[in-house]
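Data first, discussion second: the structure below is written as structure tokens.
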Amino acid sequence: VSLGSQPGESLVCLADAPIDVVTSLTERYGLLVVGNEHLTRPGFHLVLEPSGLFLQEGAGGKARVQVDFAAGANAHRRKFGGGLGQDIAKAVGVTGRFKPRVLDATAGLGRDSFVLGSLGCSVLACERHPVVAALLEDGLQRAARDPDTADIVGRITLKFGPATEFTESDMALRPEVVYLDPMFADDAKGSAQVKKDMQAFRTLVGADEDADDLLDWALSVARCRVVIKRGRKAAPLGNRAADYSITGKSNRFDVFSLSKVAPYVPSPG
Ligand SMILES: C[S@@+](CC[C@H](N)C(=O)[O-])C[C@H]1O[C@@H](n2cnc3c(N)ncnc32)[C@H](O)[C@@H]1O
């Protein structure tokens, strides 16, 4: 079954896939277990192997996506990324003394959530696409068993579903920062160099056509700041000018500032 034609409906289980993992994936994300003969078909397939969950190109294609926080770009960024000097740290307002709670409303494959977790923030990571959420959950679970990443992912909680269902009215529980990184059609974020495996992710998710609506919601939920990640030269989300931007080599962070980023202190009385 190709995810290109039936997004998020099927799971190919290879031999030795643990039955408890299969059950939890099918129940939580509404996936249907199918045989591995489906891999001969073109398109992308969600495949469970003993080493975890992959999004894999069928019909002999080479693209494979796995969420792996212990290796590759995630690990490199954790070790050499620059800590509090990174643009994302400045945009979110992380300091040595205060690590804001962040609602990452568009978690995707969790790279930004992981960076924020590495910086000490606690992160509620929301992802609405069942296949993407399943890949992210699998990556978080493996990272939780690895001593190099366990503390970091211990700060990240995955919520499967639309972020706008976050309706916490209690001021003390509201996130200091809401972070948005929606996918959009004219996404200039290095589109020329997007690697084949990331194209798989884009093919699967498509553009987040409703992204503009997220801004009003985010401004109503965040206590201190809304941060939006954009391509360096992309138009601002909803064409609304931010209070300020931090522009890097390929990305830009647009910041809507509501109040100083600081812990919640209830007003007296
Ligand atoms: C560009 S990707 C985010 C990449 C992510 N920042 C990372 O570092 O891996 C956008 C993701 O947001 C998800 N998304 C978009 N709107 C959403 C919403 N309202 N609630 C939950 N997830 C959403 C999409 O399904 C997609 O996986």
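The values are calculated or read from the model by the stated rules, or taken from the named source; none is laboratory data. Just so it is clear, the model here is predicted, and its values are computed rather than measured. Counting neighbours? That spans all protein chains shown, and the Cβs are built from the backbone with ideal geometry, glycine included.
Remarks
- Considering residues of the stretch 65-96 that are within 25 Å of residue 242 (Cβ to Cβ) and among the β-branched types (Val, Ile, Thr) only, the residue surrounded by the most Cβ atoms within 10 Å (Cβ to Cβ): 92
- Any hit, the stretch 83-92, residues being in a loop (DSSP other than H, G, I, E, B), touching a Pro at 6+ places or on another chain (Cβ under 7 Å) and in contact (Cβ under 8 Å) with a residue 40 or more places away in the chain: no
- Taking the listed residues 164, 149, the one that is among the β-branched types (Val, Ile, Thr), near the ligand (Cβ under 8 Å from one of its atoms) and in contact with a helix residue (DSSP H, G or I) (Cβ under 9 Å, 6 or more places away or on another chain) is 164, with no other qualifying.
- Test: residue in the stretch 113-124 that is near the ligand (Cβ under 10 Å from one of its atoms), of a type outside the set (D, E, K, R) and assigned to a strand (DSSP E or B): no
- Test result for residue 122, polar (S, T, N, Q) and at pLDDT 90 or above: yes
- Contact map, the stretch 59-75: first residue part of a loop (DSSP other than H, G, I, E, B), second residue surrounded by fewer than 11 Cβ atoms within 10 Å (Cβ to Cβ), Cβ cut-off under 8 Å, separation 6 or more or different chains; pairs are 59/40.
- Scanning the stretch 137-165 for residues that are within 24 Å of residue 213 (Cβ to Cβ) and out of contact with any strand residue (DSSP E or B) (no Cβ under 6 Å at 6 or more places or on another chain), we see that the one that is surrounded by the most Cβ atoms within 10 Å (Cβ to Cβ) is 160.
- The single condition among (1) closer than 30 Å to residue 60 by Cβ; (2) touching a helix residue (DSSP H, G or I) at 6+ places or on another chain (Cβ under 6 Å) that residue 206 does not satisfy is (2).
- Cβ separations smaller than 6 Å between residues 6+ apart or across chains give the following pairs from the stretch 119-147 residues that are closer than 18 Å to residue 202 by Cα to residues that are charged (D, E, K, R): 126/159; 133/127; 136/127.
- For residue 137: the one exception among (1) at pLDDT below 95; (2) in a helix (DSSP H, G or I): (1)
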